[in-house]
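Student: Below you'll find the structure I mean.
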Amino acid sequence: MSFVLVFVDVQDNFLEGAEAVPDAGPLRAELAALLDRARSSGTPVVHVLNDGAEGEPDEPFSEGWQPTFPAREDEPVLRKAGPDAFTCPGLAEALAVTGARGLVLAGFQSEFCISATGRRALGEGYRVVLAQGAHGTFPEDGVSAAERAAAVERELLADGIEVSPAREIEFR
């Protein structure tokens, strides 16, 4: 089965500065390695950017809104305003053009955009693999970011989404 790597909200506001997610350095490294493997194998890559509200760290065209890893010319860059990347104009078409029936998801935030996009992709008939170690979130209510991300992995696994360590994902 062929796959597409879908980078969801891999934007500077999550990986840079004082407001970055915990473990931004290791997350950045995992994301970079995953992207390099996909590109090296010729696997299609789609970038989805979140458009936040005015004054938010991901306000369109603000410093934090920029993608952390610039897209190549042949990699679609789509924009969304809600958690589900399938609400992006053009995502369904961008995926259909590839002919792929599998998606590897990576990015931010685990419990919002990653979760919503993964569940929707599953509902659309895709085989979905969540790249463990290449998605993240923030701590909340005494629960660490790592614990929150792991909880999302367990929930998505129970829903039928595969979870695989990012460094073990090989594209063909």
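Student: Give me a count of the residues in the range 88-111 that are surrounded by 17 or more Cβ atoms within 10 Å (Cβ to Cβ) and at pLDDT below 95.
Tutor: Going through the range 88-111 one residue at a time, the tally reaches 1.
Student: I'd like to check something: does the range 79-91 contain any residue that is among the β-branched types (Val, Ile, Thr), in contact with a strand residue (DSSP E or B) (Cβ under 8 Å, 6 or more places away or on another chain) and assigned to a helix (DSSP H, G or I)?
Tutor: yes
Student: Any residue in the range 66-85 that is without any contact (Cβ under 8 Å) to a residue 40 or more places away in the chain sitting within a Cβ distance under 7 Å of a residue that is open to solvent by 70 Å² or more (accessible area, probe 1.4 Å) and among the aromatic types (Phe, Trp, Tyr)? List the pairs, counting only those 6 or more apart or interchain.
Tutor: Matching pairs, first to second residue: 83/112.
Student: Filter the range 136-172 down to residues that are free of Cβ contacts under 8 Å to residues at least 60 places away in the same chain, at negative phi and of a type outside the set (Asp, Glu), then give me how many there are.
Tutor: Counting residues in the range 136-172 that are free of Cβ contacts under 8 Å to residues at least 60 places away in the same chain, at negative phi and of a type outside the set (Asp, Glu) gives 14.
Student: Can I ask one more? Working only within the range 51-65, note down all residues that are touching a strand residue (DSSP E or B) at 6+ places or on another chain (Cβ under 7 Å), of a type outside the set (Asp, Glu) and modelled with pLDDT under 95.
Tutor: Across the range 51-65, the qualifying residue is only 64.
Student: Also: Closer than 17 Å to residue 4 by Cα and in contact (Cβ under 8 Å) with a residue 12 or more places away in the chain: is that true of residue 27 in this structure?
Tutor: no
Student: Whether any residue in the range 121-144 is among the hydroxyl-bearing types (Ser, Thr, Tyr), over 23 Å from residue 12 (Cα atoms) and part of a strand (DSSP E or B) is what I want to check.
Tutor: no
Student: Would you be able to say whether some residue in the range 33-45 is in contact (Cβ under 8 Å) with a residue 24 or more places away in the chain, in contact with a Leu (Cβ under 8 Å, 6 or more places away or on another chain), under 15 Å from residue 3 (Cβ atoms) and open to solvent by 20 Å² or more (accessible area, probe 1.4 Å)?
Tutor: So far as the range 33-45 goes, yes, one or more of its residues are in contact (Cβ under 8 Å) with a residue 24 or more places away in the chain, in contact with a Leu (Cβ under 8 Å, 6 or more places away or on another chain), under 15 Å from residue 3 (Cβ atoms) and open to solvent by 20 Å² or more (accessible area, probe 1.4 Å).
Student: I'm trying to understand the selection: among the residues of the range 1-36, which are assigned to a strand (DSSP E or B) and under 15 Å from residue 136 (Cβ atoms)?
Tutor: 7, 8, 11
The values are calculated or read from the model by the stated rules, or taken from the named source; none is laboratory data. Being a predicted model, the structure only gives us computed values, none of them experimental. Backbone-built Cβ (ideal geometry, glycine too); neighbour counts: all protein chains shown. Keep in mind that these areas ignore ligands, DNA and RNA; they rest on the heavy atoms of the full protein, side chains included. Shrake-Rupley method; radii C 1.70, N 1.55, O 1.52, S 1.80 Å.
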